[in-house]
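Structure, as structure tokens:
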Amino acid sequence: MIRAQALTKTFGDKTAVDAIDFTVKAGKVTGFLGPNGAGKSTTMRMILGLEAPTAGSVTVNGRRHATSPAPVRAIGALIEAQGFHPGRSARDHLRWLAASNGLPSTRVGEVLELVGLENVAGQRAGRYSLGMGQRLGIAAALIGDPPVVVLDEPVNGLDPEGIRWVRSLARRLAAEGRTVFISSHLMSEMAMTADHLIVIGRGQILADCSTEDFIARHAVAFVRVRSAAQAEIGVLLERAGLEVAVADDALHVQGADAATIGDLVHGHGLGLHELTLVRSSLEDAFMTLTADSVEYTSKTREPVAA
């Protein structure tokens, strides 16, 4: 378990992380989301003892990670995927990690097989693609068989098969009872991977809830209505006090559920071709929540939801 209490980090007059409290529990995948500059990387670095908090504290299974006698056995972390010597082979890189941390050499072969690099383990890591480098970074994170796994953007550079593999790996680690904390900008992937979400913006916690609850609270929902009598239905629904918009050759209706709308239309003898509840995605929900927390914004932005 990871526990942050009033965790704060300032750099000069800038507050990167502002007295945040959160708990990352074992047995589930927790996604850590936020716009660029929100404080995600600084928070992760404080968890790992790479940055000292200005105030507050963060512990891993009840102790500060910097005081751990066997760091790689306590937390497996992927913060910098290219954190290896380019002239050293993947196998030698992992052998060095194992030897320096008192781990059995057999663990090297186990993690190489786990990440799918056993056939290229003798090649110089500097020749690896970005995706292969990510796999080596994950192998290094898991070499100590840690109860807590922290991964920062683990799917960068991976192809669709690799992304699916990371998703399956994260969920398997959580099913084994480990604490899994993942930062990512790929909202569609987080929607399929994370059980719980912690969202940060401008150094403050904006949301801390299950993925399902987050989408329900922040995503826009509407009922899509299609009919040969679309214009008449639009007038009928507006007279009933519902919000009606026209998009994609259909009516987007808010203010009532699909059953209520269907009954109302049927009661006036009008036919329907489609009556579908549509809920916007995790990405849309995230954009809605963090709209005021984005540090760098382009002049033209797509609408968050229709």
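Throughout, read-outs are computed from the coordinates displayed, never taken from laboratory work. Since the structure is predicted, the reported quantities are computational estimates derived from the model, not experimental observations. Don't worry about glycine lacking a Cβ; one is built from the backbone with ideal geometry, like all the others, and counts go over all protein chains shown.
Report the antiparallel proportion of the DSSP beta bridges in the chain as a percent, rounded to a multiple of 5.
65
Only four residue types carry charge here, +1 at the Cβ of Lys and Arg and -1 at the Cβ of Asp and Glu. Report the dipole size of the chain about the Cα centre in Debye, rounded to the nearest 20.
1440
Report the charge-dipole magnitude of region 221-279 in Debye, nearest 20, computed about the Cα centre from +1 at each Lys and Arg Cβ and -1 at each Asp and Glu Cβ.
For region 221-279, the charge dipole is close to 60 debye.
Working from Cα positions, state the angle (0 to 90°, nearest 10) between the long axis of helix 160-175 and the longest principal axis of the chain.
80
Please work out whether region 221-279 counts as rounded, prolate or oblate from its C-alpha gyration tensor, where a ≥ b ≥ c are the square roots of the eigenvalues and a/c under 1.5 means rounded, while otherwise a/b larger than b/c means prolate and anything else oblate?
The shape class here is rounded.
Considering amide H positions built from the backbone, and no H for Pro or chain starts, which residues 5 or more places from Gly76, or on another chain, come under 5 Å of its amide H?
Val148, Val149, Val150
Using amide H atoms built 1.01 Å from N in the peptide plane, name the residues 5+ places from Ser227, or on other chains, whose amide H lies under 5 Å from its own.
Close amide H contacts, sequence-distant or interchain: His273.
Can you run phi through the Karplus equation (6.51, -1.76, 1.60; θ = phi - 60°) for region 239-252 and list ³J(HN,Hα) in whole Hz, with x for Gly and Pro?
Per-residue couplings from phi come out as 5, 7, x, 8, 8, 10, 10, 10, 7, 6, 6, 8, 8, 10 Hz.
From the convex hull of the Cα coordinates of the chain, what is the mean projected area in square nanometres?
For the chain, averaging the hull's shadow over all directions gives 19.8 nm².
What longest region of the chain stays clear of GluC sites (Glu not before Pro) that DSSP places outside H, G, I, E and B and that have at most 15 other Cβ atoms within 10 Å?
177-294
Residue by residue, what Karplus-based ³J(HN,Hα) values in Hz, rounded to whole numbers, does region 203-215 have, using 6.51, -1.76 and 1.60 with θ = phi - 60° and x for Gly and Pro?
x, 10, 6, 9, 7, 8, 6, 5, 4, 4, 5, 4, 5
From the helices alone, meaning DSSP H stretches of at least four residues, give me the mean residue ellipticity at 222 nm for the chain, per-run term -39500 (n - 2.57), in deg cm²/dmol to the nearest 500.
Dividing the helical sum by the residues of the chain leaves -10000 deg cm²/dmol.
Just name one of Gly269, Phe181, Leu206: the one whose Cα is farthest towards the positive end of the charge dipole of the chain (beta-carbon charges, Lys/Arg +1, Asp/Glu -1).
Value computed over the given set: Phe181.
May I ask you to evaluate 6.51 cos²θ - 1.76 cosθ + 1.60, the Karplus curve with θ = phi - 60°, for each residue of region 228-236 and list the ³J(HN,Hα) values in order in whole Hz, giving x for glycine and proline?
Listing the rounded values in order: 5, 9, 4, 4, 5, 5, x, 5, 4 Hz.
Using a cut-off of 13 Å between beta-carbons, work out the net charge of the residues near Ala221 (Lys and Arg +1, Asp and Glu -1, Ala221 not included).
The answer is 0.
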